[in-house]
Each structure stands twice: as C-alpha cells, then as structure tokens.
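The values are calculated or read from the model by the stated rules, or taken from the named source; none is laboratory data. The model shown is predicted, which means the values in this text are computed figures rather than measured ones. Every residue, glycine as well, gets a Cβ built from its backbone with ideal geometry; the counts of neighbours run over all protein chains shown. Quick note on the areas: whole protein, heavy atoms, side chains included, nothing else; ligands and nucleic acids left out. Shrake-Rupley method; radii C 1.70, N 1.55, O 1.52, S 1.80 Å.
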Amino acid sequence: MSRAGFVGVAGRPNAGKSTLVNEIVGLRVAIVSERPQTTRRAIRGVATDPDQGWQLVLTDLPGVQRPRDVLTERMQRRVQREIADSDVVVFVVNGEEGVGPGDRFIAKALLAANRDTPVICAVNKVDRLNNAETAAVLAAAAELDGVDELFPLSAKTGAGLEPLIERLAELVPEGPLMYPPEQRSDQPSEVLLAELIREQVLLRTRDELPHAVEVEIVEVGERDDGLTEIEAQIWAETDSQKGILIGAGGAKIKEIGSAARTELERELGARVFLDLNVRTRGKWRRDEGLLDRIGIE
Ligand SMILES: Nc1nc2c(ncn2[C@@H]2O[C@H](COP(=O)(O)OP(=O)(O)OP(=O)(O)O)[C@@H](O)[C@H]2O)c(=O)[nH]1
Ligand SMILES: [Mg+2]
C-alpha cells in the first residue's frame, strides 16, 4: 500500500519555508526573497517517489506575523485552516536568527491546538552556523510547545534534507496517491507567472514597497510571429510608489520587465513578449473583492 498525505509548512516570515518546499519538490513552485511575507497564498507542491510508493503534498504557507490588514488577516486564517487539515506539520525555524517570541507564539497559538498532528521542527539555515551554534538553536527549538522531532538542515544547500523527507514519508497515512506523479503543483499557471514577475519586483524594491505590490496577469496569448504575449499589471498603492516602480525615464520598470521576461521564458520554454503596466490601486490590501479575485482567500 502506498502512503500519501498533506504536510503543512509553517513558520515565521523569512524562515525559508518556500525554499524548503521548492527543494523537496525539486522544482520552483513558490517564489523566494529576503523580504518577509513574500508568500501570500497557500501553495501546494507535490513530491512523489513512485518506486518507494509515497507522495507528500506540501503546503507552503505565508509567514505568521501579527495581522495588519485584510490581506494579512486572510493569510493568517489560511495558515490556521491548513494546519488543521494537515497530516503532519513542518515548523520551520530560522536557525540563523534563533528561536524567538514569534516562534513561541506559533507553537502555542497554532500548533498546540492540534495535539494529534505530529509537528516536525526543521531548524533551517544551519549552513550559517558552526556546531556549537547549531547545538544551541536545536536545544532552544526542543523547548517549543508541541514540537515532536527536530531536523537541522539547510534548505538552500540541501544538507540534512534526506532524513526529513524519509521521516515525512513514514508519517503520512497509508492511502492512494492524490496527484499523478508528474504533477508538482496545484497552482494555476497564471498565478505562477504573476508571482515570477512579483519576485523580480521584490528583488528591486525596499521598505514598504514590496508589501504594497501585487501583480495580476491580464492576458496570455500567442502572437503571429510565434512569441507568447503576456499582459500583466503591477499594482502599487500610491502614486509615489508607482513613480518609484517606473523610475527615471522608465528605467526601473524596464529593468524589472527584462528580468521578469527571462524568468517567464525559462518557465514557459518559449520566447515571451511582456507588456507590463504599473497602476495605482489605493488600499488593495483591504479590498475583499479584489483579494478574492486574485486568489488570496
Ligand atoms: N543561508 C541560507 N539562506 C536560506 C536558507 N533557506 C532560505 N534562505 C534564504 O532566506 C530568505 C527567505 O527564504 P524564503 O524561502 O522566501 O522564506 P519564507 O519562509 O518562505 O518567507 P515568507 O514567504 O516571507 O514567509 C531567502 O533570501 C532565502 O534565500 C538556508 O538554508 N540557508
Ligand atoms: Mg515563502
């Protein structure tokens, strides 16, 4: 009998949850950046070993932080729902920063409520630590409420990943595979394309701007000359943010567009014509209807 189940991946912003999910799936399903709260939607990444007969459906979750608006409230509620529906939870701790009040809050508020669900703590970023530092953060993580097992690892280098994957495959219940082995994500293609553009914006903006930006794909089509034409909208919340995104003489948006096009071409395996527009949409983070439409539920 095969084994298959849902693995919720939770933790503070910037702990490395998306990096870990991408690494286990073996493909980029979620975008990664050094900005906290990069992930806004729960994204499923699927890892299957058909020979050994297991499938892990990993749910990469937004980082848990005190909600500030409808967007972050929705993100938090989603984390709660997903944890309740998981067979196993991987709680990712940022080893470089150490265990802090944010981790203790997650352990108490989110994990302790689901006593029946095993909680595996992945102590990440150990590539940045020496042995004594790793030992200290492991000891602190062991004290967290509800944590059942600890795995030191580096999602970035892949060190320590195998034992975690093996353990997760043991912990998911017996049952048939839920997705065909070749499927790696449940994310609609347009959402991934929008996210790849947002990733390039995150790399090139600072302060409040990364949090204020959202990207929507308006249309994807084939042109007569064979190019894939993608029309996308970048939203900012204020005109001054819009100005920064466009840059002097359009330099910034040109830079974002050209980097994004490279990523889109790599993803689609086709040449892309990218039509990128910046618009202002005040307070979109508080707009329930708009959040529904862009799939943040
Ligand atoms: N050195 C090191 N950096 C890492 C490791 N894992 C992730 N990072 C970096 O940490 C930053 C955050 O990674 P993400 O995967 O986006 O973190 P996240 O937990 O998904 O963050 P949110 O989506 O904002 O909650 C990025 O700059 C990653 O490259 C690791 O094992 N070692
Ligand atoms: Mg993330």
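The table below lists the values:
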quantity: Backbone HN-Hα couplings from phi across segment 210-226 [Karplus 6.51/-1.76/1.60, Hz, Gly and Pro as x]; calculated: x, 6, 8, 9, 9, 10, 10, 7, 8, 7, 10, x, 9, 9, 4, 7, x
quantity: Lysine pair count for the chain [Cα-Cα under 14 Å; pairs on different chains or 8 or more apart]; calculated: 6
quantity: D145 versus T238: modelled label distance in nm, points set 7 Å from Cα along the beta carbon direction; calculated: 3.8
quantity: Size of electric dipole in segment 51-100: Cβ of Lys, Arg +1 and of Asp, Glu -1, about Cα centre, debye, nearest 20; calculated: 360
quantity: Candidates R266, R78, R281, ranked by Gaussian network fluctuation over the chain, Cα under 10 Å, top entry; calculated: R266
quantity: Near-label residues of segment 111-132 by backbone N, under 18 Å of a point 7 Å along Cα→Cβ of A159; calculated: 122-132
quantity: Gain in span if fully extended, E190 to L227, counting 0.36 nm per residue against the direct Cα distance; calculated: 11.6 nm
quantity: Distance (nanometres) between label positions extended 7 Å along Cα→Cβ at D51 and S258; calculated: 4.5
quantity: Residue-normalised accessible area of the chain, expressed per residue, 1.4 Å probe, Å²; calculated: 46
quantity: Ellipticity estimate at 222 nm from DSSP helix runs (n ≥ 4, -39,500 (n - 2.57)) divided over the chain, nearest 500; calculated: -10500 deg cm²/dmol
quantity: 3J(HN,Hα) from dihedral phi, segment 89-95, Karplus parametrisation 6.51/-1.76/1.60, rounded to Hz, x for glycine, proline; calculated: 10, 9, 9, 8, 10, 7, x
quantity: Most to least packed among 282-291, 86-95 [average Cβ atoms within 10 Å]; calculated: 86-95, 282-291
quantity: Most positive-pole-ward Cα, L161, S33, G175, against dipole of the chain from beta carbon charges; calculated: S33
quantity: Share of carbon and sulfur in the accessible heavy-atom surface of segment 149-297 [1.4 Å probe, %]; calculated: 48
quantity: Rounded to 5, percent antiparallel among DSSP beta bridges of the chain; calculated: 35
quantity: Electrostatic dipole magnitude of the chain [Cβ: Lys, Arg +1; Asp, Glu -1; Cα centre; debye, to 20]; calculated: 980
quantity: Fraction of beta bridges assigned by DSSP in segment 1-150 that are antiparallel (%, nearest 5); calculated: 25
